[in-house]
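Worksheet for the structure shown next.
The values are calculated or read from the model by the stated rules, or taken from the named source; none is laboratory data. Being a predicted model, the structure only gives us computed values, none of them experimental. Cβ: placed from backbone, ideal geometry, glycine included. Neighbour counts: every protein chain shown.
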Amino acid sequence: MKQLNPFLFTFLCVFLLLSCDNEPIDFTERAEPEPMPEADLIVGNWDLTEVVLSDATASFDAGGIPVTAPVTGSGSNYDLQLIFTEEMKVTATGSYLQNVNLILGNQTYDQQQEIQAGDVLNSGTWSRTESQLTIDTGVQEQEINILELNETALQLQLTITQMQTIQDIPATITGILTLNFSRSN
């Protein structure tokens, strides 16, 4: 009986120490949910305020010779809007003027072209994580990086490939397009 008492005493002490916590011990493993912080911040109307084309090139044919040249670009005359709804729908409407500067040797060629919303942004259903926006048209998905999202500002970045005429020469522009929006509602 003397050997049972120290064992019983130890067991009771451990039991009392563990039972002092009011929280039940949960031994089940929990899976982390898909991150979607601040999902409601993107819902609303967003007006385009700035466009910057960077890390871009223009590819074209000059008298039968394929040419690739660096390009810079920006936007103006902004009349483009993104509308995100709580029903996970997004609509891109309007347009802006894209100003492209092609540098070929010591020559710089400037060209403006009206860009419709559908030329760079899809309309459809949207989903997102903290840094990635996906727009699904039902036929294709467009992946867009979210660089900034808060109550008043939205900054998106995507890789583009689009046709544009520069000095009467059709060219394929490839680069990174950064779009800045401000909330309009």
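Report yes if some residue within the stretch 19-40 is modelled with pLDDT of 90 or more and within 20 Å of Q155 (Cβ to Cβ); otherwise report no. Checking the stretch 19-40: not a single residue is modelled with pLDDT of 90 or more and within 20 Å of Q155 (Cβ to Cβ). As a summary of the residue check, D61 satisfies the conditions (1) modelled with pLDDT of 75 or more; (2) of a type in the set (D, E, K, R); (3) surrounded by fewer than 10 Cβ atoms within 10 Å (Cβ to Cβ) except for the one numbered (3). Selection over the stretch 147-185 of residues that are among the aliphatic types (A, V, I, L, M), in contact (Cβ under 8 Å) with a residue 40 or more places away in the chain and touching a Leu at 6+ places or on another chain (Cβ under 8 Å) gives a count of 9.
You will find that of L149, L104, L133, L154, the residue that is among the aliphatic types (A, V, I, L, M) and within 16 Å of D55 (Cα to Cα) is L104 and no other.
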